[in-house]
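First up is the structure itself, then whatever we jot down about it.
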Amino acid sequence: MDTSVTQSHGSGVDRSAKSGRPPVGMTTTRRGFLSLGGFVGVVGGGVALAVLSSGAEKRVYAQRPPGALKEMEFISRCVKCGQCVRACPYDSILMGEPGSGVAPGTPYLVARNVPCYMCEDIPCVPVCPSGALDHGLTDINKATMGLAVLSDRENCIALQGLRCEVCFTACPIQGQAITLEYRVNERTRRHSIFEPVVHSDKCTGCGKCEHACILEEPAIKVMAVKQVKGKLGRHYRFGWLEEGQ
Amino acid sequence: MRYGKWWVTRRLTFLLILALFLVSARSGVNVLVGNYSGSTFLGVIPAVDPLLAIQSYFATGGLYQTAIIGAVLVGALYLVVGGRAFCGWVCPLGVVVDFANWLSRKLKIKRPFQGFSSSTKYYMMGIVLVGATISGVALYEMYNPVSILHRAILFEGVGIGAVSWMIVGILFLYELGVARSGWCKSLCPQGAFYSTLGKFSLMKVVANEGRGSIPKNIGEVCPEPAALVNILNHERQNGECTLCGACVDYAGNGSLSFTLKPGS
């Protein structure tokens, strides 16, 4: 199927088209494209590449734009064209580059710098030519870009008994994705602790809480859902939840 | 003439496409939004790198409709204008490599290596596709130097993305000091895909009898010796030609010319 010509030597491509014979120093060889050696090479190389790719799954998970498919499918579907990056009116979406820890060419957000402002028309999704951002997402409140976690309970000042509520106030799905739970401050016994609690069924992972956190390093962070969520074994039954049904 | 009208047309085409991408990326104008991997022309016409779409399909088993349409449109375009016209006229890495080659010649650097055989790139393409199928991840597209370069230009800006520039730099040095057209002709899987299209494409360079003689040292200007031999021998097109027109310019007498005809 493939006609390959053995290489000429640099500048010396000799021309003798007029005479109709092949140029000096050249032979035309016919070689099957998938010779045994080639086949072994291609499969072997493919396996090597696959082994390399398996490392991708162990990478740091990134906060993805709204509608992003599951991580592995997302990074393979994405054509890395950057049209979502450009569509974002807040420049929230960045493009992964080699060495950034995020799959190169794929879009991601760094909420601490610029969170997702959850535009109602979700301009980043319809421009995606690959469907890596699911065009079925029409309600931004149903997005799962990640999940906020109160990751540092030791430094969150609300948990030390100071009034803060900044993440609660910043949350665009206020009173649902983050609620404040009150309990007695055991240290003073006179005050309350207002603990911010994230509800995974409502949190879109927009990152406004992380962006707003007043600490030098945020105590609340958006992470990939897979990184954060646990999974109950099937043998665990919450009887009190079943009673109501 | 070494830098004749085709050279000028080719460079202007390259600059025009790059400028359209840059202007669209940096402003609200919707002329050519995206990059060389995927874009939207005039706000409606999708374009997607076909090899990337195939990798994506092999990795995930699915492909979104826009990606299919975009890949088919791009494939159809290069079936008309010549498969590796992408390499010669559009690819930004091609310009970097051409510059390295120009510099290498100016500095009279003796390049020790002929480069791998032209067919090596087909194996590279095979490896990329097999790898994507087995792993379910289109890994190559993340490190494809062509993509890395245009993403760096369009989205990271010069000076950022050190690793991106390092990868491009390695290929620059490879061209400068090791092998002529060492990446493009021999190794680039994307080139292999366009070469495959080029076996069937309409636009091609042909050698014309009785239009004067072809310069003896024509091989000096052709980046793809396998293509030149192919043309001079009047063989069935092997798809290696990048349609750069350097030989057409250099001969300058019509002995070599572009033609838009099916068949050889």
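The values are calculated or read from the model by the stated rules, or taken from the named source; none is laboratory data. In this text, all values refer to a predicted model and were calculated from it rather than measured experimentally. Because the Cβ atoms are built from the backbone with ideal geometry, glycine has one as well, and the counts that use them run over all protein chains shown. With ligands, DNA and RNA removed, areas are computed over all heavy atoms of the protein, side chains included. Shrake-Rupley method; radii C 1.70, N 1.55, O 1.52, S 1.80 Å.
A few points about this structure:
- Looking across A:C81, A:C116, one residue alone is at pLDDT 95 or above and not in a helix (DSSP H, G or I). It is A:C116.
- Checked against (1) part of a helix (DSSP H, G or I); (2) over 13 Å from the mean Cα position of the chain (by Cα), B:S39 passes all but condition (1).
- Residue count for the range B:129-159 satisfying the condition of being touching a Leu at 6+ places or on another chain (Cβ under 9 Å), of a type in the set (V, I, T) and open to solvent by 10 Å² or more (accessible area, probe 1.4 Å): 3.
- Considering residues of the range B:6-34 that are modelled with pLDDT of 90 or more and of a type in the set (D, E, K, R) only, the residue least open to solvent (accessible area, probe 1.4 Å): B:R10
- Odd one out for B:C188 among (1) free of Cβ contacts under 8 Å to residues at least 12 places away in the same chain; (2) more than 13 Å from chain A (Cβ to nearest Cβ): (1)
- Residue within the range B:203-218 that is touching a Pro at 6+ places or on another chain (Cβ under 8 Å) and either away from chain A (no Cβ under 12 Å) or outside any loop (DSSP other than H, G, I, E, B) (or both) present: no
- Checked against (1) in contact with a helix residue (DSSP H, G or I) (Cβ under 7 Å, 6 or more places away or on another chain); (2) at pLDDT 90 or above; (3) closer than 27 Å to B:G239 by Cα; (4) not polar (S, T, N, Q), B:Y57 passes all but a single condition, namely (1).
- Conditions (1) open to solvent by 10 Å² or more (accessible area, probe 1.4 Å); (2) assigned to a loop (DSSP other than H, G, I, E, B); (3) of a type outside the set (G, A, S); (4) modelled with pLDDT of 90 or more: number failed by A:V102: (4)
- Residue tally, condition in contact (Cβ under 8 Å) with a residue 12 or more places away in the chain and out of contact with any helix residue (DSSP H, G or I) (no Cβ under 6 Å at 6 or more places or on another chain), over the range B:229-249: 7
- Yes/no for A:S76 being within 14 Å of the chain's Cα centre (by Cα) and modelled with pLDDT under 80: no
- Residue pairs whose Cβ atoms lie under 8 Å apart, separated by 6 or more positions or on different chains, with the first residue in the range B:1-26 and within 26 Å of B:A152 (Cβ to Cβ) and the second exposed (fewer than 13 other Cβ atoms within 10 Å of the Cβ), are B:V23/B:V29.
- For the range A:79-92, a tally of residues being within 19 Å of B:L32 (Cβ to Cβ) and open to solvent by less than 40 Å² (accessible area, probe 1.4 Å) returns 9.
- Filter pass, B:G75 being touching a residue at least 60 places away in the same chain (Cβ under 8 Å) and buried (at least 23 other Cβ atoms within 10 Å of the Cβ): no
- Subset of the range A:158-175 [more than 24 Å from the chain's Cα centre (by Cα) and farther than 17 Å from A:K221 by Cβ]: A:Q160, A:G161, A:L162, A:R163, A:E165, A:T169, A:Q174, A:G175
- Looking only at the range B:160-176, and only at residues there that are open to solvent by less than 10 Å² (accessible area, probe 1.4 Å) and at the interface with chain A (Cβ under 7 Å from one of its Cβ atoms), the one that is modelled with the lowest pLDDT: B:G161
- The listed residue being assigned to a helix (DSSP H, G or I) and within 14 Å of chain A (Cβ to nearest Cβ), out of B:L22, B:L18: B:L22
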